[in-house]
1. Restricting to the range A:17-30, name every residue that is closer than 21 Å to residue A:121 by Cα and part of a loop (DSSP other than H, G, I, E, B).
2. Please identify the pairs in which a residue from the range A:104-120 that is within 7 Å of chain B (Cβ to nearest Cβ) and over 16 Å from residue A:44 (Cα atoms) has its Cβ atom under 8 Å from the Cβ atom of a residue that is among the charged types (D, E, K, R) and surrounded by 19 or more Cβ atoms within 10 Å (Cβ to Cβ), counting only partners at least 6 apart or on another chain.
3. State yes or no: is residue B:54 without any contact (Cβ under 8 Å) to a residue 40 or more places away in the chain, surrounded by 12 or more Cβ atoms within 10 Å (Cβ to Cβ) and within 14 Å of chain A (Cβ to nearest Cβ)?
4. Quick one: count up the residues across the range B:1-54 that are within 17 Å of residue A:129 (Cβ to Cβ) and among the hydrophobic types (A, V, I, L, M, F, W, C).
5. If only one of A:90, A:96 is farther than 16 Å from residue B:68 by Cβ, surrounded by 21 or more Cβ atoms within 10 Å (Cβ to Cβ) and modelled with pLDDT under 95, which one is it?
6. So which residues in the range A:63-104 are among the β-branched types (Val, Ile, Thr) and over 15 Å from residue A:124 (Cα atoms)?
7. Search the range A:58-70 for residues that are more than 7 Å from every other protein chain (Cβ to nearest Cβ) and over 13 Å from residue A:45 (Cα atoms) and pair each with any residue that is at pLDDT below 95 and crowded, with 22+ Cβ neighbours inside 10 Å when their beta-carbon atoms are under 7 Å apart and the residues are at least 6 apart or on different chains.
Amino acid sequence: MKIETTRFGRVDVPEEKFITMPHGLLGFPDKRRFCIFQQKQGSPFVWYQSLDDPALAFVMTNPWLFKPDYRLDLELAIQAMGWDGDGDQVPLECYVIITIPRGAPERMTANLMGPVVLNPNTREAVQVVLSDEAYSLKYPLLQQKAA
Amino acid sequence: MLVLTRKSDEKITIGDDIIVSVLEIKGSQVKLGIDAPKGIAVHRSEIYERIQDENLLAANVVAADCVEAEKLWKPRKGNQDTVGGESED
């Protein structure tokens, strides 16, 4: 299905790839439908595009690409979303949202406190709030260099 | 908003299964205990607000900056780990 986006024009995304966020993202409670696509093949980033608002899109990545020891307790998300019905372990995907300051990509940061967790079976996602203060809201992706 | 006055050791019941207890009052600080069923998220409001603010910033990213960011950041491997066993060890 063709979807309208401000950044990329019309993008073709198969309907079975659509994602529902019953609670939305924090700050965007009424934007419930999203899809994930890559701007460029092989990129570590994906775009999380709203289907309800062509202008709303987020850059996300896999947190374990840059923080292999990242741990999150998904029990709460699983229960709140009712994903535990199957009994077995739910194969979940996890993304973190990237903030890239305008014109300053070297200062990009990842939000490790509010990861987006996707259940590929139900195509539902939720932004999990990790109250564990161990994780940064602005974790620099490019470390050391600036020091 | 419902406003209730409570003393130390007193409680408030919300719905059938959420209980907020005033454990201790010291100066301008109050220590609360919250009993809620599993699946109900309980967090300090500031954390919600901080994540919300960060989401608002992240929503302003422009595509050209993402292309530049890709050139700067080369992760070693491109495997898409799924959460589950891997996150528990």
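1. A:18, A:21, A:22, A:23, A:24
2. Here the result reads A:113/B:54; A:114/B:54, each pair linking the range A:104-120 to a residue that is among the charged types (D, E, K, R) and surrounded by 19 or more Cβ atoms within 10 Å (Cβ to Cβ).
3. Details: without any contact (Cβ under 8 Å) to a residue 40 or more places away in the chain: yes; surrounded by 12 or more Cβ atoms within 10 Å (Cβ to Cβ): yes; within 14 Å of chain A (Cβ to nearest Cβ): yes.
So residue B:54 fits the description; yes.
4. Number of matching residues: 7.
5. Details: A:96 fails: modelled with pLDDT under 95.
Residue meeting the stated conditions: A:90.
6. From the range A:63-104, those among the β-branched types (Val, Ile, Thr) are A:78, A:90, A:96-100; that's our starting set.
Passing the criteria: A:96, A:97, A:98, A:99, A:100.
7. none
One line per residue, one yes/no per condition, for (1) at negative phi; (2) at pLDDT 95 or above; (3) of a type in the set (D, E, K, R):
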{"site": "A:56", "(1), (2), (3)": "yes, yes, no"}
{"site": "A:71", "(1), (2), (3)": "yes, no, yes"}
{"site": "A:74", "(1), (2), (3)": "yes, no, no"}
{"site": "A:129", "(1), (2), (3)": "yes, no, no"}
{"site": "A:133", "(1), (2), (3)": "yes, no, yes"}
{"site": "A:143", "(1), (2), (3)": "yes, no, no"}
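The values are calculated or read from the model by the stated rules, or taken from the named source; none is laboratory data. Every value quoted in this text rests on a predicted model; they were computed, and no experiment measured them. Every residue, glycine as well, gets a Cβ built from its backbone with ideal geometry; the counts of neighbours run over all protein chains shown.
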